[in-house]
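Everything below concerns the one structure shown next.
The values are calculated or read from the model by the stated rules, or taken from the named source; none is laboratory data. Predicted model only: the values in this text are computed from it and were never measured. With ideal geometry, Cβ positions are generated from the backbone for all residues, glycine too; neighbour counts draw on all protein chains shown. To get the accessible areas, we keep the full protein, side chains included, count just its heavy atoms, and leave off ligands, DNA and RNA. Shrake-Rupley method; radii C 1.70, N 1.55, O 1.52, S 1.80 Å.
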Amino acid sequence: SKINNLFLTGDVFHIPNKEKWENLYNILEKDIKVFISPGNHDVDNYINRKVFEENVKQITRFPFIFNFDKSIFVISDSTNNGWLLDQKTINKINQISHDSTIYLLRHNIVANEFLPLSNSLYGFKGNIYSIKELQSVFKNKLTIISGDGGAFNYLPRFFCKEYGKLRFIVNGLGGIKGDIILIVWNNNIYKYVLN
């Protein structure tokens, strides 16, 4: 009841369909806004992408921006470009004021160094940025949250690494003891253990 916005960073359903998307919105409070950065399970083929675009209650032209409580959230689709961070998303982030708190929400891992944290390499085409390269790509201080982690016991429930002006977070749910959700409040990120 205290949640204003729910951000889901992909693989919402293992096998999506219209009924599952409808049920998702039906079980949530009507005044909660839901934002989804799609994962490979959500949009891995033409049919699933079409079902996603027809049934989610949000913009489906990525990236798009949502402003809330002095924070700016950039929701992207990392499944379209073999995980590579696309230039449109980079430009959108670099146009934001330097004094803003910016979060980039995506499904797939954004930097080479963090590939071992990913649930799988499905859709990975290689040649993604390194942490060092990302430092030169972005002008602003930025937190990048990737949701394709934590689905298995051998993966960490949560991972965070700061490097220069960038903070990298890999998180995800696997229905496993110690699953963590992130809460953004007053420009701070908090971890909440579900069980």
(request) Name the one entry in LEU182, LEU194, LEU142, LEU166 that is among the aliphatic types (A, V, I, L, M) and under 27 Å from ASP44 (Cα atoms). (result) LEU182
(request) Return yes when GLY123 is in contact with a Phe, Trp or Tyr (Cβ under 8 Å, 6 or more places away or on another chain), within 13 Å of ASN40 (Cα to Cα) and either open to solvent by 30 Å² or more (accessible area, probe 1.4 Å) or at pLDDT 95 or above (or both) and no when it is not. (result) yes
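Mind telling me which of the residues PHE64, PHE114 ends up being within 27 Å of LYS18 (Cα to Cα) and at pLDDT 95 or above? Working first, answer last.
Details: PHE114 fails: within 27 Å of LYS18 (Cα to Cα).
Just one listed residue meets the conditions, PHE64.
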(request) Give the number of residues within region 137-184 that are outside any loop (DSSP other than H, G, I, E, B) and either in contact (Cβ under 8 Å) with a residue 12 or more places away in the chain or open to solvent by less than 50 Å² (accessible area, probe 1.4 Å) (or both). (result) 20
(message) I'm trying to understand the selection: among the residues of region 148-178, which are modelled with pLDDT under 95 and of a type in the set (S, T, N, Q)?
(response) ASN153
(message) Please count how many residues of region 112-136 are within 22 Å of GLN95 (Cβ to Cβ) and not in a helix (DSSP H, G or I).
(response) 1
(request) With a cut-off of at least 2 residues that are of a type outside the set (A, V, I, L, M, F, W, C), open to solvent by 40 Å² or more (accessible area, probe 1.4 Å) and more than 27 Å from LEU142 (Cα to Cα), name the helices (runs of 4 or more DSSP H) lying wholly within region 1-88. (result) 18-27, 46-55
(message) Can you pull out every residue in region 89-100 that is hydroxyl-bearing (Ser, Thr, Tyr) and open to solvent by less than 40 Å² (accessible area, probe 1.4 Å)?
(response) THR89, SER100
